[in-house]
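Here the structure comes first, spelled out in structure tokens, and everything after it is commentary.
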Amino acid sequence: MLRVLITGANRGVGLELARYYARHEWAVTGVCRSASDELKDVADQVVEGVDVTTDEGVARIVEAVKQTDGIDLLINNAGVLQDEVLGSIDYDSLRLQMEVNAYAPLRISEALLPYLREGAKIANITSRMGSMADNDSGGRYGYRASKAALNAFGRSLAMDLKPRGIAVAQLHPGYVKTRMVNFGGLITPEESALGLATRIEALNLENTGSFWHSSGEELSW
């Protein structure tokens with residue numbers, strides 16, 4: 001059976017991705033800080049109490065994966081969005097967003113390399129707010145910078161892992177109605193998850209390293 005590991009899987013887009021893959025008969029490993037009943041209903045393995053920014057948290061993920069036959073798909077979905085105002089920027093906020101949004105996906109990907117099966121894929125859930133070309137409104141210093149860093153990390157991972165047959169994509173979920181944006185988005189988590197899964201299905205070694213919207217649009221760096 002194919003297995004997907006999803007971080008931030010207890011709610012929102014992460015939960016809908018878990019539901020999607022469970023419906024398609026994948027084994028699901030859901031990683032989160034606090035497990036939800038909804039995640040427990042669909043995941044055959046739940047790893048809770050995980051802080052993805054710590055060595056201990058990453059080690060707990062690795063120990064859980066050791067109990068499986070390996071991973072076919074890693075979805076780095078956990079993220080945090082905070083806002084900053086120029087003139088009173090909270091640099092601890094910037095550091096936190098870099099740790100969660102950029103460093104954690106890289107750390108987890110590196111730690112799980114020995115457990116990725118042949119032909120495995122890595123999907124980094126990023127944001128078009130990490131695009132330099134798309135920034136025409138400013139602000140969101142920490143979030144933009146952390147997602148731009150994630151895009152750079154993902155691109156390097158794609159190049160380094162291509163010889164091993166592992167494809168990597170940077171995927172923007174869309175403006176989704178989740179708690180992160182106070183449910184003010186344009187599409188539902190279900191719609192986003194379907195689009196993301198479609199992009200992941202189309203991911204291969206020819207298009208590895210690309211930056212895509214869940215709708216299928218290729219985004220500018």
Considering residues that are in a helix (DSSP H, G or I), in contact with a Ser or Thr (Cβ under 7 Å, 6 or more places away or on another chain) and within 22 Å of K121 (Cα to Cα), the number found within region 66-102 is 3
Residues of region 117-149 being in contact (Cβ under 8 Å) with a residue 60 or more places away in the chain, in contact with a Ser or Thr (Cβ under 6 Å, 6 or more places away or on another chain) and hydrophobic (A, V, I, L, M, F, W, C), which ones?
A133
May I ask you to list the residues in region 193-216 that are surrounded by fewer than 16 Cβ atoms within 10 Å (Cβ to Cβ) and on the phi > 0 side of the Ramachandran plot?
G216
Quick check on region 58-71. Is at least one of its residues out of contact with any His (no Cβ under 9 Å at 6 or more places or on another chain), charged (D, E, K, R) and closer than 27 Å to G174 by Cα?
no
For the subset of region 104-139 comprising residues that are closer than 23 Å to S214 by Cβ and in contact with an Asp or Glu (Cβ under 6 Å, 6 or more places away or on another chain), which member is modelled with the lowest pLDDT?
R128
When residues of region 104-158 are limited to those that are within 17 Å of the chain's Cα centre (by Cα) and of a type in the set (D, E, K, R), the one nearest to V168 (Cα to Cα):
K121
In region 151-178, residues that are in contact (Cβ under 8 Å) with a residue 60 or more places away in the chain and within 23 Å of L112 (Cβ to Cβ) total 2
Within region 1-35, restricting attention to residues that are more than 14 Å from A78 (Cβ to Cβ) and of a type in the set (S, T, Y), which residue is surrounded by the most Cβ atoms within 10 Å (Cβ to Cβ)?
Y21
Picking from S192, S146, the residue that is within 27 Å of R11 (Cβ to Cβ), in contact with a helix residue (DSSP H, G or I) (Cβ under 9 Å, 6 or more places away or on another chain), among the polar types (S, T, N, Q) and modelled with pLDDT of 95 or more would be S146
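The values are calculated or read from the model by the stated rules, or taken from the named source; none is laboratory data. In this text the structure is predicted, and so the values were computed from the model without any measurement. Quick reminder, even Gly has a Cβ in these numbers, built from the backbone with ideal geometry, and neighbours come from all protein chains shown.
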